[in-house]
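Written out below as structure tokens is the structure these notes cover.
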Amino acid sequence: MVTSPVVNTYPLSSYTFGTKEPKMEKDTSVADRLARMKVNYMKEGMRTSVEAILLVQEHNHPHILLLQIGNTFCKLPGGRLKPGENEIEGLKRKLTSKLGANSPTLVPDWQIGECVAIWWRPNFETIMYPYCPPHITKPKCKKLFLVHLSEREYFAVPKNLKLLAVPLFELYDNVQRYGPVISTIPQQLSRFQFNMITT
């Protein structure tokens, strides 16, 4: 795990992007997803989700890499941990599954940094909170980790998704477009110093 108040960000152009087979969503709608989560919760209990904040820079301004599904919905790369799985190892597994090439020679060097935010879902609705309500005994949890990218990486994007580099100013206070979790990332990153490295 990497902990540093300074985050090196490299130009978007120093990364290589390819494609791989589509990674289909398990659900066709948010309602279907919440229903499936409820069934899984009854079988397996609470599971934590982990997501990655991948930073690059463009025009000396930090950008976050987001996966776009269709033309509207954006999400951070990551997913649910297996029961008993370590958060860091689980996030590396999820990142490799989402963005790693299907080649043992092109495995990205995921340097997982610190947890910058924890969000709580007290029930099976879409609303998440940056705190756990006191009357909730078995909440669902999502943790956001900063990932320190190396200077060069190869990302393989599933054909049914787009990988967007979105500037922090676009995310800031833009709940309508990006939702409450992603739109607050600029505030969560405000304690870090960005070192814009031009190559």
Inset, instruction - For the chain, find the longest principal axis of its Cα atoms and tell me its angle to the long axis of helix 30-44, 0 to 90°, nearest 10. - result: 70
Legend entry - DSSP-defined beta bridges in the chain - what % are antiparallel, rounded to 5: 60
Inset, instruction - Describe numerically, in nm with one decimal, the distance between label points set 7 Å from Cα along Cα→Cβ at Glu89 and at Arg33. - result: 2.7
Legend entry - the chain: equivalent-ellipsoid semi-axes (sqrt of 5 x gyration tensor eigenvalues, Cα, Å): 27, 20, 17
Legend entry - Listed pairs Lys43/Lys159; Lys43/Lys98; Lys138/Lys162 exceeding 29 Å between Cα atoms: Lys43/Lys159; Lys138/Lys162
Legend entry - Student exercise, the chain dipole from Lys, Arg, Asp, Glu Cβ charges, in Debye to nearest 20: 740
Legend entry - Helix axis angle, 87-99 relative to the chain longest principal axis, alpha carbon, degrees: 70
Inset, instruction - Note down the nm distance, to one decimal, between modelled labels 7 Å out along Cα→Cβ at Ser103 and at Leu164. - result: 2.9
Inset, instruction - Would you please give the residues with an amide H less than 5 Å from that of Val116, counting only those at least 5 places away or on a separate chain, with H modeled from the backbone geometry? - result: Leu144, Phe145, Leu146
Legend entry - For Gly100, residues with placed amide H under 5 Å, excluding near neighbours: Ala156
Inset, instruction - Jot down the per residue volume, in cubic angstrom and as a whole number, of the convex hull over the alpha-carbon atoms of the stretch 33-90. - result: 97
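None of the figures in this text is laboratory data; all of them are computed from the coordinates on show. In this text the structure is predicted, and so the values were computed from the model without any measurement. Because the Cβ atoms are built from the backbone with ideal geometry, glycine has one as well, and the counts that use them run over all protein chains shown.
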